[in-house]
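To start, the structure itself, in structure tokens.
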There are 2 protein chains.
Amino acid sequence: MTGIAGAALTAMKTPGHTPNLTDSAPAAGLYDVINRRRDVRGEFSGAELPEPVLRRVLTAAHTAPSVGLSQPWDFILVRDAGTRRAFREHVLAERSVFASKLEGERAETFSKIKVEGIVESTLGVAVTYDPNRGAPEVLGRHAIADAGLYSVCLAIQNLWLAATAEGLGVGWVSFYREEFLRRLLGVPSEVRPVAWLCLGPVRELADTPDLERHGWRQRMPLEDVLHYEAYGRGRNR
Amino acid sequence: MTGIAGAALTAMKTPGHTPNLTDSAPAAGLYDVINRRRDVRGEFSGAELPEPVLRRVLTAAHTAPSVGLSQPWDFILVRDAGTRRAFREHVLAERSVFASKLEGERAETFSKIKVEGIVESTLGVAVTYDPNRGAPEVLGRHAIADAGLYSVCLAIQNLWLAATAEGLGVGWVSFYREEFLRRLLGVPSEVRPVAWLCLGPVRELADTPDLERHGWRQRMPLEDVLHYEAYGRGRNR
């Protein structure tokens, strides 16, 4: 059990909570999954993924909230080795594009970081956004066009946590041009590719995020992103 | 325990799984939370939210994956009654904008649906996206500018699930203009408002999503959003 899950259990015993806050088990388990979740690149084993497990993970994604209950996501399951090799070639070229912008320590640090496990993972799950689902009058989207895109991301996080809870790994690959992925998978022009997720059993989940372990960037404390009543106001300001 | 969680436990006992797929407890608990989660509008009690619980929920959000480990989110906690009343006025006006586009059965159905619990909830959590966090060279964002925005949504889903596990409710309000919320909360021009989340204890979480219960839209079966190897291909096509 992680520290935060332990803290959750302790805090739950504190008197003064409202009655519906006393059942700590679901929260502790969820926090454990949230803390163990990693963006996996190098740890995929390539082992078989039993169909019932894959089904549960996809069902979790499909159970996400969506603007106007539009469920505007699609999931393309890619096992074909040729398709995945072609995608990987493109991703490695885009990796070089990014690398060419870096200098000195940044270039050196990036050179050690693996950014994808496309062919080593058991399968790829390409996730897309269909703005026509539930249109024209999507409840809650008239003022914010991107609200549908946001829904797709909520589904991805459900998928990611479910996979983690099932002992699987997920790696979100974003070193690609949407147009390349669209053509590779025959995605219609009005549907937008949002993510390529590498999915499958892993040898382990790292304790620390790859980018932190390699010195690319450190995680910030929560307090740095909290504001009170208005943007820029700390608790005591 | 819900049906899917029970199914998860049963499936876990099937022989042939890899060793890291045998511990079913985290998955069953997570699926229960994912299934109980609702977009809450009418069920907020307004009861006090203990600080340690709020802290755990926000920590869960802050533990989400983010492109290049940029953690580009901010959370503005709004308890002030005046701010919330002002936001609610704006949201009700935008509700009318949407309603004016509807006719017949759609207009009638929508008229019965409550779209926000801004003042009834215990607090509002405005979530924003800061593209300058970790810039200029955000690892994984050079080809997809919106990848940072996607990260913010992953944090929101972590928050939503954590709140659900803690017995709280969350309602995502999207009937607003970003510029209004920016001015209301003093959000800098380069930072983008992504969501207003109503948060707090609830009397109950509905069994069925509000929009489905009111006949606005029905959830689709998973199979409708699955594609195999390429977009548009079913399992047997």
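The values are calculated or read from the model by the stated rules, or taken from the named source; none is laboratory data. Everything numeric in this text was worked out from a predicted model, so none of it was measured. Here the Cβ is made from the backbone with ideal geometry for all residues, glycine too, and neighbour counts use every protein chain on show. Accessible surface areas use protein heavy atoms only, side chains included; no ligands, DNA or RNA. Shrake-Rupley method; radii C 1.70, N 1.55, O 1.52, S 1.80 Å.
Here is how far apart the B:Leu205 label points are across copies: 1.9 nm, shortest first, using a point 7 Å from Cα toward Cβ.
Here the relative contact order of chain A, from alpha carbon pairs under 8 Å that lie six or more residues apart, stands at 29 percent. Dipole of chain A computed with +1 at Lys/Arg Cβ and -1 at Asp/Glu Cβ about the Cα centre; of A:Thr208, A:Trp172, A:Gly148, farthest Cα towards the positive end is A:Thr208. Residues A:Phe98, A:Phe180, ordered by accessible area of protein heavy atoms at a 1.4 angstrom probe radius and largest first, appear as A:Phe180, A:Phe98.
By the beta carbon rule, with partners counted only under 4.7 Å, the protein assembly as shown holds these lone Cys residues: A:Cys198, B:Cys198.
Per-residue shielding of A:84-92, expressed as the average number of other chain Cβ atoms within 10 Å of the residue Cβ, stands at 0. Using a probe of 1.4 Å, the accessible surface attributed to B:Met220 totals some 40 Å² when neighbouring protein chains are kept in position. Legend: residues in the stretch A:25-48 shielded by at least 40 square angstrom of accessible surface upon adding the remaining protein chains to the isolated chain (1.4 Å probe, heavy atoms) are A:Pro26, A:Leu30, A:Tyr31, A:Ile34, A:Arg37. Place a label point 7 angstrom from the Cα of B:Ala107 along the Cα-to-Cβ direction, then list the residues of the stretch A:136-165 whose backbone nitrogen is under 20 Å away. It comes to A:136-143, nothing else. The residues B:Arg177, A:Arg183, sorted by heavy-atom accessible surface at 1.4 Å with ligands and nucleic acids left out, run A:Arg183, B:Arg177 from largest to smallest. The length gained on full extension between B:Asp207 and B:Glu179, counted as 0.36 nm times the residue separation minus their Cα-Cα distance, comes to 6.6 nm.
Accessible area per residue (1.4 Å probe, heavy atoms of protein chains only) ranks B:Arg55, A:Arg235, B:Arg37, B:Arg192 as A:Arg235, B:Arg55, B:Arg192, B:Arg37, with the largest value leading.
Helix-derived [θ] at 222 nm for chain A: sum -39500 (n - 2.57) over DSSP H runs of at least 4, divide by residue count, nearest 500? Walk me through the numbers before you get to the answer.
Details: 8 runs with 92 residues, N = 237.
Value at 222 nm, helices only, nearest 500: -12000 deg cm²/dmol.
Roughly how many Å² is the accessible area per residue of the stretch A:41-203, as a whole number, for a 1.4 Å probe? Value returned for the stretch A:41-203: 30 Å² of accessible area per residue. Springs join every pair of Cα atoms under 10 Å in this Gaussian network model of chain A, and among A:Gly46, A:Gly104, A:Gly68 the largest mean-square fluctuation is at A:Gly104.
Counting Cβ atoms of other protein chains within 10 Å of each residue's Cβ and taking the mean over peptide B:49-58 gives 5. How much FRET efficiency would the formula 1/(1 + (r/R0)^6) give for A:Glu48 and B:Arg219, where r is the Cβ-Cβ distance and R0 is 35 Å, rounded to 0.05? Result of the calculation: an efficiency of 0.70.
If R0 is 56 Å, what FRET efficiency do you get for A:Arg55 and A:Arg233 from their C-beta distance, rounded to 0.05? Provide the component values of the computation, followed by the final result.
Working: r = 46 Å, r/R0 = 0.83.
Result of the calculation: an efficiency of 0.75.
The accessible area of B:Leu205, taken with all protein chains in place and a 1.4 Å probe, comes to roughly 40 Å². Taking all protein chains as shown and a probe of 1.4 angstrom, B:Asp80 keeps an accessible surface of around 70 Å². Computed about the Cα centre, the dipole magnitude for the protein assembly as shown is approximately 100 debye when only Lys and Arg (+1) and Asp and Glu (-1) carry charge, each at its Cβ. The base-10 log of I(q)/I(0) for chain A, evaluated at q = 0.08, 0.12 Å⁻¹, reads -0.38, -0.86 [Debye formula, identical scatterers on Cα atoms, solvent excluded].
Using the Kirkwood radius over C-alpha pairs as Rh, can you work out the diffusion coefficient of the protein assembly as shown via Stokes-Einstein at 25 °C, viscosity 0.890 mPa s, in µm² per second?
108 µm²/s
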